[in-house]
């Protein structure tokens, strides 16, 4: 409970989420434009270049199936808004933020 990835986008792939167990809240956009709470068998699909994040908002473990479609080389092409790196720097310091910058591109979606 309470865990999930930060706001991010995949720049050339679709990401589809199917909740198998538990309750998960999905946030869409930067700034956040939509929040939707989903339960078992609910499904959400996000196109490329749309910021999304999610977290388990239930009292028990949650399980979701995530399907990423598109070319394999695009799977790890991830972007995050500047607000995410600022949060990482504040919470974890420069060393972690520097490592995070090596795997994520910032502020290239729009």
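Structure above, values below:
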| read-out | value |
| --- | --- |
| The chain: angle of helix 94-103 to the longest principal axis, Cα-based, in degrees nearest 10 | 70 |
| Approximate spin-label separation residue 25-residue 61, in nm, with each point projected 7 Å along Cα-to-Cβ | 2.3 |
| Compactness of the chain as Cα Rg over 2.2 N^0.38 Å, two decimals | 1.08 |
| Computed helical MRE - 222 nm, the chain, DSSP H runs ≥ 4 contributing -39500 (n - 2.57), nearest 500 | -5500 deg cm²/dmol |
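Readers should treat all values here as calculations from the given coordinates under stated rules, not as data from a laboratory. Please read all numbers here as calculations on a predicted model, not as lab measurements. Cβ sites come from the backbone with ideal geometry, for glycine too, and all protein chains shown count toward neighbours.
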